[in-house]
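The values are calculated or read from the model by the stated rules, or taken from the named source; none is laboratory data. Nothing here was measured: the structure is a model prediction, and the numbers come from that model. Neighbour counts are summed over all protein chains in view; Cβ atoms, including those assigned to glycine, are modelled from backbone coordinates with ideal geometry. Quick note on the areas: whole protein, heavy atoms, side chains included, nothing else; ligands and nucleic acids left out. Shrake-Rupley method; radii C 1.70, N 1.55, O 1.52, S 1.80 Å.
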Amino acid sequence: MATKKGMKEHGWLEFTYPPTGEPIRFPVGTVHGAGDGPTLAVLGGMHGSEFCGIEAAIRLFKRVDPARLRGTLMVGMIYNLPAFQNNLGFVVPQDGNNPGRTFPGKPEGSYSQVMAHHFSQEFLSKADYFVELHGGDIPEALVTFIYVPVTGNEAVDEKSKAMAQAYNIALIVHGKVQPTSPTPSSAFVASARRGVPAILTESGQQGILNLEDAERHLTGLRNVLVHLGMMDGKIVDTVQRMISEEHIAIRSEYEGMWYPSVKLGEWAKQDQVIGRIRDYFGEPIADVKAVCDGHITVIRTSPNTAIGNVLIEQDRVANKIE
């Protein structure tokens, strides 16, 4: 896409998966600001049924006026288009992989790995800053929160934290990640490891397009644009921040039916029973207990559970939500 100041353009990044000849396609748009400034990349649809993030990405591209923008805004509307088109949660249907565990990808690998490679090379590599939009996939309810990858690169980490502070969401998770790792990761972690300040933002839940949740993303994104000096305006700041230094996923050790007994935003004490697993005849298998004193951030809402499924996510924060 040619750079033209004060212009918008949109289209498709198109590639081919060599072993089968299947297309790999990403709908993307670019807003070329009238003035000079950094490049912010925004991505929706890493998980194809997290519709609030997708809708926010589309609305952002439509609403930003290039005449009032400094720098470049790159927007990927839907990363995992195959999942979106098939109403699937979490995975790429071609290989069953979670795309949030595939970056920076491989030029020769599974379908999702090749997706990640091309998107990293043709989109993410151009960014000075990156925001990955999520919205709560089909089987999960969650509170709004922001995840900041803390790499140990102080200059990058502080810029990532500043973007999170600007987003106008109360709960900010500082998650430590290894500066380098051979294990594939999510796009925002891979970006931070490359020295690009990055955050993941959550607003929405259970695979539902709730426009209020989408607009919350938009408020945050406008705030980031103002924070980065890419737009004039006042940052909307209406929430009291809570910082979590530990985000813990409690996973199922059994197959069966899952019955949570806590609600989002509750404060659970360590070893408190927060749910139960029963077999398909209604007989109890196990109690599930909180692993720390912490805020209930995510709850699996599907009764179906298998070994390894995330049931509850907790955050250890300095203060409780009242």
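Structure notes:
- S302-E255 pseudo-label distance in nm [points 7 Å out on the Cα-to-Cβ vector]: 1.5 nm
- Each of G195, V291, I307 was scored by the projection of its Cα onto the charge dipole of the chain, and the greatest displacement toward the positive side belongs to G195; charges sit on the C-beta of Lys, Arg, Asp and Glu.
- Fully extended contour minus Cα-Cα distance, from T180 to N153, at 0.36 nm per residue: 8.6 nm
- Carbon plus sulfur fraction of accessible area for the chain, probe 1.4 Å, in percent: 50 percent
- Three-way shape call for the stretch 270-322 based on the alpha-carbon gyration tensor, with the a/c threshold at 1.5: prolate
- Stokes-Einstein translational diffusion, the stretch 237-316 - Kirkwood Rh over all Cα pairs, 1.306 mPa s, 10 °C, in µm²/s: 122 µm²/s
- With Cα atoms defining each centre, the stretch 65-126 and the stretch 140-215 are spaced 16 Å apart in the structure.
- Stretchable slack from A34 to S125, in nm (0.36 nm times residue separation minus alpha-carbon distance): 30.6 nm
- Gaussian network model of the chain, Cα within-10 Å springs - most flexible of Y280, Y259, Y167: Y280
- Taking Cβ atoms as reference points and 15 Å as the exclusive limit, the residues near N86 contribute a net charge of -3, counting Lys and Arg as +1 and Asp and Glu as -1.
- I208-K5 pseudo-label distance in nm [points 7 Å out on the Cα-to-Cβ vector]: 4.7 nm
- Taken about its Cα centre, the chain carries a charge dipole of roughly 820 debye when the Cβ of each Lys and Arg holds +1 and the Cβ of each Asp and Glu holds -1.
- Rounded to whole Å, the principal axis extents of the Cα atoms in the chain read 64, 50, 37, largest first.
- Accessible area (Å², per residue) of the chain, counting only protein heavy atoms and a probe of 1.4 Å: 44 Å²
- Potential extension, I235-Q270 segment - 0.36 nm per residue separation minus Cα distance: 8.9 nm
- Local electrostatic count at F15 - Lys and Arg +1, Asp and Glu -1, tallied over other residues with Cβ under 9 Å: -1
- Anisotropy class of the stretch 23-180 from Cα gyration tensor, a/c 1.5 cut: rounded
- An ellipsoid equivalent to the stretch 141-196, defined through the eigenvalues of its Cα gyration tensor, has semi-axes of 20, 14, 8 Å when rounded to whole angstrom and sorted largest first.
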